[in-house]
1. Provide Ser107, Ser10 in ascending order of the number of other Cβ atoms located within 10 Å of each residue's Cβ, fewest first.
2. To the nearest 20 Debye, how big is the dipole of the chain about its Cα centre, given +1 on the beta carbon of each Lys and Arg and -1 on that of each Asp and Glu?
3. I'm spelling it out carefully: the read-out is Rg and Dmax of the Cα atoms in Å, the candidates are (1) 19.1, 68; (2) 16.6, 53; (3) 17.0, 48, and one was derived from this structure. Which label?
4. Based solely on its DSSP helices, what 222 nm [θ] is calculated for the chain when runs of n ≥ 4 H residues each add -39,500 (n - 2.57) and the sum is averaged over all residues, nearest 500 deg cm²/dmol?
5. Is the shape of segment 84-138 best called rounded, prolate or oblate, per the rule: a/c under 1.5 gives rounded, else a/b larger than b/c gives prolate, else oblate, with a ≥ b ≥ c the square roots of the Cα gyration tensor eigenvalues?
Amino acid sequence: MKNNVIALLSGTLFGLGLAISHMINPAKVLAFLDVAGHWDPSLALVMGSALVVMAPTWRWQRRRPNGPAGDNRRNDLSRIDAPLVIGAALFGIGWGLVGYCPGPAISALALLRLKPLIFVAAMIAGMAILETFPSRKY
């Protein structure tokens, strides 16, 4: 229960940060990706700020014997494999096409607009499709 409360509070804080920084606006994200046109560097500032906050947390986490939830699961952050590369490519393609990634899209649901609703529905459908495949280690 404690982990669920922490996850809810963390997600709420993350969504609030996205809304305050206007990163739930796809036009702002697409302007960041338009390096040959009217480039908007503000997304780089948001990402840089996130790295400043997360760097000490990552360092602290590496010293812990268990995963973030107190379990024994740890991610191998040094391995680059096909699922990682394919997932990153799909994420980047989707982000570039519509200007949403999962976090901002979920936060944008609060605006009650059709585009984030379609994006989140498609994301949920993709996760459901993945669950129908035979279990394999990713």
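Throughout, read-outs are computed from the coordinates displayed, never taken from laboratory work. Worth saying up front: this structure is predicted, and the values here are computed from it rather than measured. We place every Cβ from the backbone using ideal geometry, glycine too, and count neighbours over all the protein chains shown.
1. Ser10, Ser107
2. 520
3. (3)
4. Value at 222 nm, helices only, nearest 500: -21500 deg cm²/dmol.
5. In terms of gyration-tensor shape, oblate.
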